[in-house]
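The structure under discussion appears below in the form of structure tokens.
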Amino acid sequence: MPAFPTYDATRLAALNAQADSILSVFAARGYNRVETSVLQPAEIFLDRAGEEIRRRTFVLTDPAGQELCLRPDLTIPACRMHLDQGGKFPARLCYNGLAFRHQPAEPDRPTQFFQAGAELLGFEDRAAAEKEVLTLTVEAMQAAGLGGFEMKLGDLALFGAFIDALDIAPQWRGRLKRHFWRAGYFEALLERLSQEQPSDAQRLLAHLGTLDEAEARPAFEGLMDMLGGVALGGRSREEIVDRLIEQAAEAATLRLDPKLAALIAKLLAVSGPAAEALAEIRSLTQSVGVRLDAPLGAMAARLQILNDLGVSPERLSFAARFGRNMEYYTGFVFELWSRDEEGPVQIAGGGRYDTLLEHLGASGPVTAVGFTIRTERVLAARKALAK
């Protein structure tokens, strides 16, 4: 049975007071509060939110047949509303409202929760934008009365720069960068790309991959006809054929050098205190002739910003594999963790998502960075730390 939280007068008053403190920090920095609809087009979340959120989104169909969902997150609705209203850039948006997520693995967790957040859109000075968002995050925590938190940092752009510097087939680079944070799947992908002995199915795909698309498509469509009523898993026949063509082209190329696969795995295994992890990555990449001065320098600058804000080095960790669970992130990401009565709990998180707004309808790329706060978790952590 799903957990439906209730809010008695005392708890609601505490949440509202905490939210007012957080929103006052946003307002002081020039962020304009927006109120988005609870009901959203399901497509934008199913396309861009990532597998973890997709499977936990409440989806429904209205009487006209349109597929809708209860918003599982407020970042996408805020960005979409700004675009729909013809908003200009740069823009500073903030919000506080309910989000909804199915909890199949942990039915005792609430299916609805309050989420506050801020988004900085179209600010071209990337370093200045990230400094502003990090500052806003720490100030919001301080205003809420929670100083005891740790931060976990990552950077999808750092991994992307590493992959781009290696001798890897172009079509593989995109897949590796897109899926590197998916534990289990990524390891299987890396193993498949570097496999010494291809399976019979891979040999068939490799043969079909030598054909051009005009020849390959009828071959795969014929295969689909032979399979008859096979389940499509919610995908269209055309989507499956397109995916098979992509896999065939991949299988027809040379395999990934196992030494490169091992090097990629070694990089992604780096995790620990932030400064030490960055030093380990610098040593590893330089040992194979790869220089990542720009992304490593940018991360070092972020660490200095956090130190200046009073977040001590022992509270900062970095994981090369860390990419959060939202598919729209493109660069620097972070999470804040504290403890409630049950143990460690994530209280906030955010990062850079420079491709989302164009996907939502912007006329071109729009830089974007922001964060969200799980305010009920913040309240629970404050109570636990006060005991």
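The values are calculated or read from the model by the stated rules, or taken from the named source; none is laboratory data. This one's a predicted model, so the numbers in the text were calculated from it and none came from an experiment. Neighbour counts are summed over all protein chains in view; Cβ atoms, including those assigned to glycine, are modelled from backbone coordinates with ideal geometry. Just so you know, the surface numbers come from the protein's heavy atoms only, side chains and all, with ligands and any DNA or RNA stripped out. Shrake-Rupley method; radii C 1.70, N 1.55, O 1.52, S 1.80 Å.
Would you kindly identify the strands (runs of 3 or more DSSP E) lying entirely within the stretch 1-112 that contain at least 1 residues that are among the aromatic types (Phe, Trp, Tyr)?
On the way: elements: 39-41, 59-61, 67-70, 91-100.
Ranges flagged: 91-100.
Search the stretch 331-345 for residues being of a type outside the set (A, V, I, L, M, F, W, C) and touching a residue at least 40 places away in the same chain (Cβ under 8 Å), and hand back the single one that is farthest from Thr355 (Cα to Cα).
So, considering only residues that are of a type outside the set (A, V, I, L, M, F, W, C) and touching a residue at least 40 places away in the same chain (Cβ under 8 Å), the one farthest from Thr355 (Cα to Cα) is Glu341.
Is one or more of the residues making up the stretch 127-150 in contact (Cβ under 8 Å) with a residue 60 or more places away in the chain and touching a Pro at 6+ places or on another chain (Cβ under 6 Å)?
no
Tally the residues that are open to solvent by 50 Å² or more (accessible area, probe 1.4 Å) and touching a residue at least 24 places away in the same chain (Cβ under 8 Å), restricting the search to the stretch 167-177. Spell out how you get there, then give the answer.
So the first thing to find is which residues in the stretch 167-177 are open to solvent by 50 Å² or more (accessible area, probe 1.4 Å), and the list is 167, 170-171, 173, 177.
Retained after the next criterion (residues that are touching a residue at least 24 places away in the same chain (Cβ under 8 Å)): 167, 171.
Counting residues in the stretch 167-177 that are open to solvent by 50 Å² or more (accessible area, probe 1.4 Å) and touching a residue at least 24 places away in the same chain (Cβ under 8 Å) gives 2.
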